[in-house]
Amino acid sequence: MRKILVVLVTSLWAFQIINAQSGCTDSQASNYNSSATNNDGSCIYPTTTLTSNLKVNIPSVSENSGIEWINGNLYTFGDSGNPPSIFKLDTVTGNIKQTIRVTNYDNTDWEDI
């Protein structure tokens, strides 16, 4: 009985993979395919003319080399010559809220996160 169940589940799983429709699954793309169930990376987007506005300067981090939004928090760091630290920023003022010191890796030409 257990072998039959395993074969049945495996067969159903394989059937879904074989019958999955590949294409662009993003409705914002110009080549959106409403039948697609598997995003194949083919999405094409129209050129945008929007210009972003400066929200805040980050004067407290010298040679800012990357910025990342993780779980509702903004993090950055400086490139070579700066301490091996990652900085949690205040999203309104740009001030450093927390310094996370990396003790097991020197800041030698750190680039984008």
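The values are calculated or read from the model by the stated rules, or taken from the named source; none is laboratory data. Nothing here was measured: the structure is a model prediction, and the numbers come from that model. Positions of Cβ are backbone-derived with ideal geometry, glycine not excepted, and every protein chain shown enters the neighbour counts. SASA here: full protein model, heavy atoms, side chains in, ligands and nucleic acids out. Shrake-Rupley method; radii C 1.70, N 1.55, O 1.52, S 1.80 Å.
Considering the stretch 94-113, the residues that are within 14 Å of V61 (Cβ to Cβ) and aliphatic (A, V, I, L, M) include one that is modelled with the highest pLDDT, namely I100. Taking the criterion of being assigned to a helix (DSSP H, G or I), open to solvent by 80 Å² or more (accessible area, probe 1.4 Å) and at pLDDT below 70, would at least one residue in the stretch 18-33 satisfy it? There is at least one residue in the stretch 18-33 that is assigned to a helix (DSSP H, G or I), open to solvent by 80 Å² or more (accessible area, probe 1.4 Å) and at pLDDT below 70. Cβ-Cβ distances below 6 Å connect the following pairs, each with a first residue in the stretch 33-46 that is farther than 10 Å from S22 by Cα, a second residue that is at pLDDT 90 or above and surrounded by fewer than 14 Cβ atoms within 10 Å (Cβ to Cβ), and a separation of six or more residues or different chains: I44/S30; I44/N31; P46/S30.
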